[in-house]
Every structure is written in C-alpha cells, then in structure tokens.
Amino acid sequence: MHHRSKALYGVFVTVLGLTLTACGGDGGGGKSGVSEGGAAKGETGQETPSASPSEKPEWGPALAMGQPAPKLYEPLNTSGGKFQVTAKKIVKGTPQQAKDLNWDTLAPGELKGSTPYFVYFTYTLKEGKPQVANPDLGAHAAALDMKGVKVAERPVVHSGFVDGGCEVPPVYMGWDIGETHTLCTVFAGDEAHPPARLAWGTDIETDTDYMKAASWKWTTQ
C-alpha cells in the first residue's frame, strides 16, 4: 500500500541556479590522407575539400505539454532517485509581474527580463530514494530557441511567487516510490525573442546536450 510522505507547507525560495559550461577539445589524431592545406586526395589524385565543421545537431523528438519525457532522470541535486519528468504548462507573465519580481532593481549585469514565464513540471519518483527532500529540480530546465541558444534563463535568486505567478509549494519531508509533485520555476525572458523548446536534463555540459534529447514545444497559456 502506498505511503505518502507528510508535507509541511511554507515558502520555498530558489537559491540555486544551474550553471552550464561549454566544453570542447580536439581528440588529436594524425594527418593521414589530409594535405597541409586541409584537403584530402581522392583516388584520382585530386584534392577534395575537407569536411566543414559540423553544425549543432537537430533537435530530438518534440513533446507536447503534458507528455512525459521518454526516459527517467536522476537529478544531480537529489543524491539518489530516478524521476519521470513531465512539462505540464507554461504561463506567460506580464511586465507588471516582472516589476513585482523586482527585476528592475537588480544590479547591472544580473539577469533581467521584461517577460516572466512560469513553468510547471511534474515529477514522479519511479526508482530509488532521494536523500534530499526539497531540491531545486527547476535547475535542470532550459528555455532555448531552435538554434539551441538560451533565450530565457532562471534568475539565480528568485521567489517567483507574485500575484498570478508560481504557487507557494509544500515543503516535503521525503519521497515515496510513485509519489508525484508539481513544482513551478520562473524564467526571465524577452517577449520579442520567445523560446521554441523547453528542455530538462541531467549531466548537461552544453546547450547541444539539451538538443539531443526529447524536449517540449514551447507552448504558453
């Protein structure tokens, strides 16, 4: 019989941001078959152009809002447990809500945005046991355009709890297998450059990593 953990309700303030760092490098290798000019010689002895640098990969499968990701994720900040992740809805905010979030008072260089997006994810524990009961699961989310560029980001420190924004979530004492929680996170964006995809993933090092997996079409309410 399923046992649901007890919940204490209180204000949850996000204090962590996920910093994604791009990594790169060249695996090296010899120059066999390639001239100093960067071209390879074919059977005819004529030089053929070497391959151009690869473009970013095409996006993985596009999911609809409410459709779960096809794989389970083990968040880095739960210290255990695998979750089914589902993007439930995206609520487009207003400039007044952005003002109420005090983005206009941030110091120069800090993340700002004229349009807040309140993004809801549902998490269901399928395997294992999280050692951290109330992690910032929204830290694994990303809002990108079709080129894989982030066009809306989460403020490093935010509450998101303004009139019409994210609801105040319960504070959980733990997770049971099969238990589901819906949590909301806020993104700071620009209405003139809306995202095209909503991604969620672990072990992410570059935006390209987000593109390889399934992601949700950016659909707002």
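For the reader, a short list of remarks on this structure follows.
- Residue within the range 116-139 that is touching a strand residue (DSSP E or B) at 6+ places or on another chain (Cβ under 8 Å) and farther than 25 Å from Pro70 by Cα present: yes
- Looking across the range 61-76, the residues that are part of a loop (DSSP other than H, G, I, E, B) and more than 14 Å from Leu198 (Cβ to Cβ) come down to Pro70, Lys71, Leu72, Glu74, Pro75, Leu76.
- Where strands (runs of 3 or more DSSP E) fall entirely within the range 116-189, those with at least 1 residues that are surrounded by 14 or more Cβ atoms within 10 Å (Cβ to Cβ) and aromatic (Phe, Trp, Tyr) are at 170-172, 180-189.
- Condition met for Asn102 (modelled with pLDDT under 95, surrounded by 12 or more Cβ atoms within 10 Å (Cβ to Cβ), over 23 Å from Lys147 (Cα atoms) and within 17 Å of the chain's Cα centre (by Cα)): no
- Single condition His193 does not satisfy, out of (1) over 17 Å from Lys89 (Cβ atoms); (2) open to solvent by less than 60 Å² (accessible area, probe 1.4 Å): (2)
- Scanning the range 165-189 for residues that are closer than 11 Å to Pro116 by Cβ, out of contact with any Asp or Glu (no Cβ under 9 Å at 6 or more places or on another chain) and either among the aliphatic types (A, V, I, L, M) or in contact (Cβ under 8 Å) with a residue 60 or more places away in the chain (or both) yields a total of 1.
- Residue ID - nearest to the chain's Cα centre (by Cα), chosen from residues in the range 209-221 that are assigned to a helix (DSSP H, G or I) and within 25 Å of Thr115 (Cα to Cα): Tyr210
- Counted residues, the range 190-208 - those being outside any loop (DSSP other than H, G, I, E, B) and in contact with a Gly (Cβ under 7 Å, 6 or more places away or on another chain): 2
The values are calculated or read from the model by the stated rules, or taken from the named source; none is laboratory data. All of these numbers come straight from a predicted model, not from anything done at the bench. As a convention, Cβ positions derive from the backbone with ideal geometry for all residues, glycine included, and neighbour counts pool all protein chains shown. Just the protein is used for accessible areas: all its heavy atoms, side chains included, with ligands, DNA and RNA removed. Shrake-Rupley method; radii C 1.70, N 1.55, O 1.52, S 1.80 Å.
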